[in-house]
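Engineer: Please see the structure below; I have some questions.
The values are calculated or read from the model by the stated rules, or taken from the named source; none is laboratory data. Everything numeric here is computed off the predicted structure, so don't read it as measured data. When we count neighbours, we look across all protein chains shown, and the Cβ atoms used for this are built from the backbone with ideal geometry, even at glycine. Heavy atoms of the whole protein, side chains included, go into the accessibility calculation; ligands, DNA and RNA do not. Shrake-Rupley method; radii C 1.70, N 1.55, O 1.52, S 1.80 Å.
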Amino acid sequence: MNGTKAQKFMGIQVLRIVAACLVVFTHSTFYAFERLDRSFSVWNNGANGVHIFFVVSGFVMIYSSQRLLNSPDGWRIFAERRIVRIVPLYWLVTSLKVAIMLCTAGFALHTILSPATAIYSYLFLPARNLDGRIEPLVGVGWTLNFEMLFYCLFTLALFLRVSVFKFVGVILFILSVGAYFRNPSWPPIAFYLNPIVLEFYLGMLIAQVCIKGVCFPKRAAPLLLAFGLAILLFHLGDLRLPLFLISGVPASLVVWSVVSLHRLDQSIPGWVLYLGDASYAIYLVHPFVCPLPPTVLMRLHMDHPWLAVALSVVLGVGCGCALHQMVEIPLTNWLKSYLNARQRPLQAVA
């Protein structure tokens, strides 16, 4: 793939919104079950969108950081970019969750506040909540605990000026192997002993081979994409295969196939790319709003779980886009301007 470094791989944006919508849909079926109809089936396979997120994350970190790998200042630039991208919005929704829990304690589901859990949530560290589960205040934040671990390892590799593939790869491999020895009685830090971390590394490898021009043939890519999605959406969990095989590898097939179809990027509608940009906001805000439709329908004595699911998905995506447009974009732009302004005097002195 000549000129790959100039390629933007817009298909990655499509995968982001697809993964986000899969998670939103799964949670919406759960909210309908929990609040409206206990006979309603929860569709759990949409949670596999998380595996797509992780592979995409590994891919993007390598692809977008090529110029930083050999830069003395690369670690700082990388860390600042990740902090600006991840932290402000997560802290905002976490603060919103704290406020809601303080105002509704005892009057709604899952509203008992643990101060320790709140502190650890802001720090992106695992902790046990009052139910005994290792889970942050904003439930979906468990994935960000893994993301931040990955970013920290990547930053440390850049700081030490060592190979990110060797350094990050060895540590992620150790963590994945440790999962087979993990005991439920171990402290919350053992949360990181999980084979799911290898999915970041798979994304890194895909980025590296794509940069070198190794992609699936254009006729094979759609078939492999369909195959990967089929495994993710129609789970093979009954076969009791390792998570790495039933989720990580299919998610990698999906990402690599989409990247291999980069020639179709120009045909992607602008609104889809916008939704891809808003996927992080959608992912974070949907647990706050998606429970509302089944709650309202329950109060109206309207036992229509599929209507509740449809309304929840639309509300989750819509509110996520609003948060992205009105908060995430202005806040991110302001932080980038602030950091750029702060760096200019330092560059002048140097």
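Engineer: Listed residues Ala179, Ala190, Ala251; which is under 25 Å from Arg133 (Cβ atoms) and in contact with a strand residue (DSSP E or B) (Cβ under 9 Å, 6 or more places away or on another chain)?
Structural biologist: Details: Ala179 fails: in contact with a strand residue (DSSP E or B) (Cβ under 9 Å, 6 or more places away or on another chain); Ala251 fails: in contact with a strand residue (DSSP E or B) (Cβ under 9 Å, 6 or more places away or on another chain).
Sole residue among the options that is under 25 Å from Arg133 (Cβ atoms) and in contact with a strand residue (DSSP E or B) (Cβ under 9 Å, 6 or more places away or on another chain): Ala190.
Engineer: Could I ask something else about it? With respect to Val289, is the statement that it is surrounded by 15 or more Cβ atoms within 10 Å (Cβ to Cβ), over 30 Å from Phe173 (Cα atoms) and either free of Cβ contacts under 8 Å to residues at least 60 places away in the same chain or more than 22 Å from the chain's Cα centre (by Cα) (or both) true? Steps first, answer last, please.
Structural biologist: Details: surrounded by 15 or more Cβ atoms within 10 Å (Cβ to Cβ): yes; over 30 Å from Phe173 (Cα atoms): yes; either free of Cβ contacts under 8 Å to residues at least 60 places away in the same chain or more than 22 Å from the chain's Cα centre (by Cα) (or both): yes.
It is true that Val289 is surrounded by 15 or more Cβ atoms within 10 Å (Cβ to Cβ), over 30 Å from Phe173 (Cα atoms) and either free of Cβ contacts under 8 Å to residues at least 60 places away in the same chain or more than 22 Å from the chain's Cα centre (by Cα) (or both).
Engineer: Any residue at all in segment 272-282 that is among the small types (Gly, Ala, Ser) and more than 29 Å from Pro88 (Cβ to Cβ)?
Structural biologist: No, because not a single residue in segment 272-282 is among the small types (Gly, Ala, Ser) and more than 29 Å from Pro88 (Cβ to Cβ).
Engineer: Quick check, is Tyr280 within 21 Å of Phe78 (Cα to Cα), in contact with a Gly (Cβ under 9 Å, 6 or more places away or on another chain) and not small (Gly, Ala, Ser)? Break it down into steps so the answer makes sense when it comes.
Structural biologist: Working: within 21 Å of Phe78 (Cα to Cα): yes; in contact with a Gly (Cβ under 9 Å, 6 or more places away or on another chain): yes; not small (Gly, Ala, Ser): yes.
It is true that Tyr280 is within 21 Å of Phe78 (Cα to Cα), in contact with a Gly (Cβ under 9 Å, 6 or more places away or on another chain) and not small (Gly, Ala, Ser).
Engineer: A further question follows. Hey, any hits in segment 295-309 for a residue that's without any contact (Cβ under 8 Å) to a residue 12 or more places away in the chain, polar (S, T, N, Q) and either open to solvent by 10 Å² or more (accessible area, probe 1.4 Å) or over 10 Å from Ala32 (Cα atoms) (or both)?
Structural biologist: Within segment 295-309 (the criterion being without any contact (Cβ under 8 Å) to a residue 12 or more places away in the chain, polar (S, T, N, Q) and either open to solvent by 10 Å² or more (accessible area, probe 1.4 Å) or over 10 Å from Ala32 (Cα atoms) (or both)), the answer is no, since none of the residues qualifies.
Engineer: Right, another one. Kindly state which helices (runs of 4 or more DSSP H) lie completely within segment 105-188 and contain at least 2 residues that are more than 24 Å from Tyr31 (Cα to Cα), open to solvent by 20 Å² or more (accessible area, probe 1.4 Å) and of a type in the set (Lys, Arg).
Structural biologist: So the answer is none; nothing clears 2.
Engineer: Return a yes/no flag: does segment 4-26 have any residue that is surrounded by 16 or more Cβ atoms within 10 Å (Cβ to Cβ) and farther than 24 Å from Ala278 by Cβ. Step through it out loud before you land on a result.
Structural biologist: We begin by selecting, within segment 4-26, every residue surrounded by 16 or more Cβ atoms within 10 Å (Cβ to Cβ); these are 4, 7, 9-26.
Filter again for farther than 24 Å from Ala278 by Cβ, leaving 4.
Looking for residues that are surrounded by 16 or more Cβ atoms within 10 Å (Cβ to Cβ) and farther than 24 Å from Ala278 by Cβ, one finds at least one in segment 4-26, hence yes.
Engineer: Determine if segment 92-104 includes at least one residue that is over 20 Å from Tyr120 (Cα atoms) and either in a helix (DSSP H, G or I) or open to solvent by less than 20 Å² (accessible area, probe 1.4 Å) (or both). Even if it seems obvious, please write down each step before you answer.
Structural biologist: Looking only at segment 92-104, we keep the residues that are over 20 Å from Tyr120 (Cα atoms), and these are 103-104.
With the extra rule that they be either in a helix (DSSP H, G or I) or open to solvent by less than 20 Å² (accessible area, probe 1.4 Å) (or both), the set shrinks to 103-104.
Yes, the conditions are met somewhere in segment 92-104.
Engineer: Can you tell me how many residues within segment 236-271 are more than 27 Å from Gln208 (Cβ to Cβ) and either touching a Cys at 6+ places or on another chain (Cβ under 7 Å) or open to solvent by less than 70 Å² (accessible area, probe 1.4 Å) (or both)? Break it down into steps so the answer makes sense when it comes.
Structural biologist: So in segment 236-271, the residues more than 27 Å from Gln208 (Cβ to Cβ) come out as 236-240, 269-271.
Those still in the list that are either touching a Cys at 6+ places or on another chain (Cβ under 7 Å) or open to solvent by less than 70 Å² (accessible area, probe 1.4 Å) (or both) too: 236-237, 269-270.
Within segment 236-271, residues that are more than 27 Å from Gln208 (Cβ to Cβ) and either touching a Cys at 6+ places or on another chain (Cβ under 7 Å) or open to solvent by less than 70 Å² (accessible area, probe 1.4 Å) (or both) number 4.
Engineer: Restricting attention to segment 35-90, and to residues there that are over 16 Å from Leu153 (Cα atoms) and basic (Lys, Arg), which single residue is surrounded by the most Cβ atoms within 10 Å (Cβ to Cβ)?
Structural biologist: Arg35
Engineer: Working only within segment 309-323, note down all residues that are under 13 Å from Ala20 (Cβ atoms), in contact with a Phe, Trp or Tyr (Cβ under 8 Å, 6 or more places away or on another chain) and among the aliphatic types (A, V, I, L, M).
Structural biologist: Scanning segment 309-323 gives a single hit, Val313.
Engineer: Report, ordered by the first and then the second residue, all pairs with beta carbons closer than 7 Å, sequence separation of six or more or different chains, a first member in segment 265-281 that is over 28 Å from Val138 (Cα atoms), and a second member that is aliphatic (A, V, I, L, M) and assigned to a helix (DSSP H, G or I).
Structural biologist: Sorted first by the residue in segment 265-281, then by its partner, the pairs are Ile268/Val14.
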